Structure formats: C-alpha cells, structure tokens
Amino acid sequence: MRDIGGWPLPELVLPGADGLGYGHIVLTSESTQYLLGHLPDLEKPLHRSVSWMALWESVLSGDVSSRDLIALALRALPRRSLAGEVETELWRGLDQSSTVGRRRAIFDALVSVTLTDDGIEKLERIWREQETLEGLPLAERQYTQLAEALAVRGVPDAEGILDAQHSRIENPDRRARFRFVRPALSRDRIVRDSVFESLKDAANREREPWVLAAVSFLHHPLRAETAIEYIRPSLELVEEIQRTGDIFFPLRWLNATLDGHQSAEAADIVARFL
C-alpha cells in the first residue's frame with residue numbers, strides 16, 4: 001500500500017465535504033473506486049450528497065462511466081433492483097418516508113422517470129384526484145407537473161387533461177407560463193416545430209424559465225428521435241443567446257437541449273459543430 005511518511009493513504013479523500021465548494025471536484029482514482037463501492041454507506045447525508053455530485057461531474061468529464069454511476073444508484077435503493085423495478089422501489093420509498101420533504105422529492109422523481117403503463121395510469125388517477133397520497137398533500141404545482149408529464153407521455157386524453165389543468169390554475173402568471181409551455185407538449189410534430197422556430201426570435205425568449213421548460217419538453221427523452229433536428233440550430237443560437245440573455249442562460253439552454261439525447265447521431269452533431 002502506498003503511504004505518506006509511513007502513514008497509509010486514506011481510502012477516501014473528499015474535497016468540498018462541507019458542501020461549500022464551487023467547481024469541479026477532481027477525485028483521485030482511489031477515492032472514485034471507493035465511492036463507487038461504498039457511497040451509500042457514508043454516514044453523513046451531506047457527504048453522500050457531495051459524493052453524488054462529485055461522481056456526476058466525473059461522468060461529465062469522462063472519468064467515470066454512466067453505466068457505473070447508474071449501477072451505483074440502483075444499489076443505493078432499499079434493495080438491489082433491475083432498472084425496470086425502479087418505479088416499484090420509488091413507490092415503496094414514498095410510502096415508507098417519514099417526512100413530507102422526502103416524500104415530495106421521491107414523488108418528483110416518480111413523475112420524472114415513470115414509463116410503465118401501470119405507473120402512468122397511477123399518476124393519471126392521482127391527477128384526476130381518484131387516488132390520494134397519504135402524508136403528501138399536492139398543491140397546484142404538483143398537479144401542473146403531473147399534467148405536463150402525462151401529456152409528454154402521450155396519454156390518450158392529453159389535450160383534455162391540459163385543458164382541465166389550465167382551468168385549475170388560478171394565478172395569472174402561472175397560467176401564462178402554462179399557456180407558453182403547452183405547445184411544446186403537443187403530440188403534433190408540426191406544433192412542436194413551430195415552438196422551436198418561435199424561439200429563434202429573441203422577443204420570445206424573454207421569460208427564460210418558461211423557455212427552458214419548453215425546450216426541455218421538446219427534447220424530452222421520449223421525443224429525442226424527432227427532436228434531433230433541433231440540435232444544430234440550437235447550438236448555432238448560443239452566441240446570440242449569450243448576447244441577449246442572462247449570464248447563465250446559454251449553459252441552461254444547452255442543458256435543456258442536450259439532456260434528453262443519448263444517441264450517437266446527437267453526439268456526432270455536437271462534435272461536428274465544435
């Protein structure tokens with residue numbers, strides 16, 4: 001074993017363990033391997049949080065494979081699971097969580113990742129208020145989130161759900177946001193194309209959070225195949241967006257554009273642009 005002055009090296013060195021660091025935390029190879037094997041066993045929640053972020057940054061930099069990170073995430077669930085059982089584990093975690101904050105976080109994850117027919121039907125029953133979640137009262141935001149998630153998954157009555165949700169929203173600003181985002185949820189490819197074309201006009205990008213939500217729906221993983229043609233023009237818009245938008249908007253625009261894509265074709269478009 002390597003050592004320093006006769007003392008063995010620690011198994012884990014975690015820069016930024018106080019959670020105050022800002023930037024890319026580069027892990028040693030030994031620390032990376034330790035976290036991939038033992039991260040869920042770290043005692044302090046803050047240390048686990050910092051470690052997840054550090055490993056995610058390592059995935060982005062190419063030092064850790066996404067397969068290894070996903071395998072670790074599955075091992076961190078209450079029992080070892082296959083990917084197809086993630087929803088079941090999340091519902092179980094929702095039932096067993098002791099705080100509203102934790103239940104809400106798990107519910108948000110469920111709305112984000114649910115793909116099975118049974119899971120989608122359960123979310124729709126919750127949206128229709130035919131089923132309730134014990135210990136987790138849902139507010140307007142959660143019902144809007146549900147309606148948008150159901151629409152992007154192409155449920156049969158998507159337009160009816162969106163119509164009904166629009167009528168539920170009482171706050172004028174939130175209603176305006178919903179109207180802005182809604183066309184990006186459309187099942188009609190022509191409508192989604194028109195949304196993307198409209199965003200080339202800087203005047204239509206003034207409400208940046210609304211724009212990012214719409215772009216995320218256009219590039220949702222379930223729509224990635226049809227959205228691939230938006231990638232190149234989105235990259236070409238970045239310099240203009242930098243001139244006309246908030247300092248953080250270009251990166252957020254790129255994240256919203258690329259997060260839903262995993263294909264070799266998408267990667268090739270980015271590589272050729274660069």
- request: Would you mind checking the tilt of helix 264-273 against the longest principal axis of the Cα atoms of the chain, expressed as 0 to 90 degrees and rounded to 10?
  value: 90 degrees
message: Kirkwood Rh over alpha-carbon pairs of segment 64-164, then Stokes-Einstein at 10 °C and 1.306 mPa s: what D in µm² s⁻¹, rounded to an integer?
response: 109 µm²/s
- prompt: What is the helix-to-structure angle for 189-198, meaning the angle in degrees between its Cα long axis and the longest Cα principal axis of the chain, kept from 0 to 90 and rounded to the nearest 10?
  reply: 80 degrees
Longest DSSP-loop-exposure-free segment, chymotrypsin sites (Phe, Trp or Tyr not before Pro), the chain, at most 15 other Cβ within 10 Å: 23-247
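For the chain, which span is the longest to avoid every loop-located (per DSSP) member of trypsin sites (Lys or Arg not before Pro) having at most 10 other Cβ atoms inside 10 Å?
The answer is 80-274.
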- prompt: Counting only protein heavy atoms and using a 1.4 Å probe, what share of the accessible area of the chain belongs to carbon plus sulfur, as a whole percent?
  reply: 53 percent
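If we count every other residue with Cβ under 13 angstrom of E240's Cβ, Lys/Arg +1 and Asp/Glu -1, where does the sum land?
With Lys, Arg at +1 and Asp, Glu at -1, the neighbours total 0.
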task: Check each of the GluC sites (Glu not before Pro) in segment 5-114 and keep only those in coil by DSSP with at most 11 other C-beta atoms within 10 angstrom; list them in order.
output: E43
- prompt: Which value in Å is the Kirkwood Rh of segment 100-211 over different Cα pairs?
  reply: 15.1 Å
field: Equivalent ellipsoid semi-axes - Cα gyration tensor, segment 150-274, angstrom
entry: 25, 19, 10
- request: With everything on Cα atoms, drop me the angle between helix 100-113 and the longest principal axis of the chain, reported from 0 to 90° to the nearest 10.
  value: 70 degrees
task: Can you list which of the GluC sites (Glu not before Pro) found in segment 188-244 are DSSP loop residues with at most 15 other C-beta atoms within 10 Å?
output: E206
In Å, descending, principal axis extents of the Cα set of the chain: 69, 48, 32
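The values are calculated or read from the model by the stated rules, or taken from the named source; none is laboratory data. All values reported here derive from a predicted model rather than from experimental measurement. Cβ atoms come from the backbone with ideal geometry, glycine included; neighbour counts cover every protein chain shown. The area values use the complete protein model at the heavy-atom level, side chains included, leaving out ligands, DNA and RNA. Shrake-Rupley method; radii C 1.70, N 1.55, O 1.52, S 1.80 Å.
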